[in-house]
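Novice: My structure is below; once you've seen it, I'll send some questions.
Every number in this text was worked out from the coordinates using simple rules, so none of it is lab data. Since this is a predicted model, take the numbers as computed values, not measurements. In this analysis, Cβ positions are derived from the backbone assuming ideal geometry, glycine residues included, and neighbour counts consider all displayed protein chains.
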Amino acid sequence: SKESGRNTYNFHTEELTRAAENRQALESRLHRAIGTNEFELHYQPQLSVFSGHCVGLEALVRWRPENGTPVSPAVFIPLLEETGLIVALGEWVLREACRQAVQWEAEGLLPGPISVNLSPRQFLHQDVVDMVQRALADTGLPGELLELEITEGALMSQSVATQERLSELKALGVLLAVDDFGTGYSSLAYLSRFPIDKLKIDKSFIDGLAQDERADKIASTIIAMGRSLNLRVVAEGVETAIQLERLRELDCDAVQGYFYSRPLPVPAAAAWLEALRVG
Ligand code: C2E
Ligand code: CA
Ligand code: CA
Ligand code: CA
C-alpha cells in the first residue's frame, strides 16, 4: 500500500540519517558495501531521435544493502555527497563503468560512449582529473568512449576554476555533458566558454512537453541554444510517444527514458545490446 511504501521510505531515511551522524560507521559500511558487491551499476540506453540507433549508455548506481531492500540513489547519493564519501564510491563507479565498457567493446556490443555521473563534490575534488586519467589508463578505455555528466549546478559553483578543470578533463579525450540542464541559471555566454559536448535537458521540462507551455518553451529554447553552440542535446526521462514526437519536431538529438528502456542490470543490458546487433 501507499502507507507501507511511505513507511519503508521513512525507515531508510531515518536509518541513513542515524548513520550520517556517525561518519565512521557509515564509512566502514560503505567500504564493506563496495567490498561485498552491495553496489552495482545499471545501464540506460540513449537513442538517436533521427535514426533510432543506440548512441550510448548512462551508468546509474544501485545499492542493495545486505539483508535489506534497495535504496534509491536519490536518497543515498546526497548523503554520500554531504559526508564526502561520494569520492570513494564515485571512483568505484567510474572504474566499474570503464571496465564494463572495455568488456562490451571487446564483445562488439558497445554502441557509443558510457556516461558516468560526477557529483558536484567529485567534480570540485582536486584529484578528479588524476582519478579519470587513472581509470582510463588502468582499464584501457579510450577517452572518447567515456562521457562525464556534470550538473549545471556544479558548473556554476565559484569554488574552483571551472573552465580550467573542464579543459584538463577534455584534454584526456573524454566527452563532457551538462546534466539536469535548465534547472540552473547558466547564460549562453557562460556556456560558450566551456569545452562541453552535450546538454541533457532535465526531466522536469520533458514531463511538460506539448502539455505545459512554460516547460515546452524551455525545452525548445534549450534545443535551439544547443544547436547554436554546436552541442548535442539529449532529453532525459522520455516516457511517452507524445514527448518523443515533440522532441523529433524540435530536432532534439537523442533521448533517454522509460519509453525505450529503464536502466538495466548488466545481463539485461547485454541482451538488449545483443538484440540491436542481431536485429
Ligand atoms: P540523473 O543523473 O538525472 O539520472 C536520471 C534519473 O532518471 C535516473 O534515476 C533514471 O533511472 C531516471 N529515469 C530515466 N528515465 C526515466 C523515465 O522515463 N521516467 C522516470 N520517472 N525516471 C527516469 P536514478 O537511477 O534513480 O538516479 C537518480 C539520481 O541519482 C541521478 O539523476 C543522479 O543524480 C544520481 N546518481 C545515480 N547514479 C549515480 C552515480 O553513479 N554517481 C552520482 N554522482 N550520482 C548518481
Ligand atoms: Ca545523469
Ligand atoms: Ca540528469
Ligand atoms: Ca535529472
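Novice: Which shape class, rounded, prolate or oblate, goes with segment 221-267 when its Cα gyration tensor gives a ≥ b ≥ c as root eigenvalues, a/c under 1.5 marks rounded, and past that a/b bigger than b/c marks prolate?
Specialist: Oblate shape, in that a/c is at least 1.5 and b/c is the bigger or equal ratio.
Novice: Given a 10 angstrom Cα cut-off, can you work out which residue in Glu38, Glu66, Glu58 is the most mobile in a GNM of the chain?
Specialist: Glu66
Novice: Rounded to the nearest Å, what's the spacing between the alpha carbon centres of segment 234-279 and segment 73-105? Just the number, please.
Specialist: If you average the Cα positions of each part, the centres end up 23 Å apart.
Novice: Hey, what did the chain get for relative contact order, percent, Cα under 8 Å, at least 6 apart?
Specialist: With pairs under 8 Å counted, the relative contact order is 18 percent.
Novice: Moving to a separate point now. Which log10 I(q)/I(0) values does segment 85-232 give at q = 0.10, 0.15 Å⁻¹ under the Debye formula, counting every alpha carbon as one identical point scatterer?
Specialist: -0.37, -0.80
Novice: For a footprinting-style exposure proxy, rank Cys252, Cys54 by other Cβ within 10 Å, fewest first.
Specialist: Starting with the residue having the fewest Cβ neighbours, the order is Cys54, Cys252.
Novice: Taking neighbour Cβ counts within 10 Å as the exposure measure, how do Tyr260, Tyr190, Tyr43 sort from fewest upward?
Specialist: Ordered from fewest to most neighbouring Cβ atoms within 10 Å, Tyr260, Tyr190, Tyr43 come out as Tyr190, Tyr260, Tyr43.
Novice: Cut-off is 10 Å between beta-carbons; in what order do Arg246, Arg262 appear when sorted fewest neighbours first?
Specialist: The most exposed by this proxy come first: Arg262, Arg246.
Novice: Checking understanding here: applying a Kyte-Doolittle mean of at least -0.5 and a length along the axis of at least 24 Å (C-alpha), which whole DSSP H helices in the chain pass?
Specialist: Taking the DSSP H segments of the chain (at least 24 Å long, mean hydropathy at least -0.5), we get 86-106.
Novice: Between Ser167 and Asp207, what is the label-to-label distance in nm when each label sits 7 Å out along the Cα-to-Cβ direction?
Specialist: That separation, rounded to one decimal, is 3.9 nm.
Novice: Sticking with this structure for a sec: What are the extents of the Cα atoms of the chain along their three principal axes, in Å, largest first?
Specialist: Taking max minus min along each principal axis of the Cα atoms, the chain gives 50, 48, 44 Å.
Novice: Still on this model: Work through the residues other than Leu109 whose Cβ is under 12 Å from its Cβ and net out their charges, Lys, Arg +1 and Asp, Glu -1.
Specialist: -2
Novice: Would you mind classifying segment 47-93 by shape? Square roots of the alpha carbon gyration tensor eigenvalues, ordered a ≥ b ≥ c; an a/c under 1.5 is rounded, otherwise it is prolate if a/b is larger than b/c and oblate if not.
Specialist: prolate
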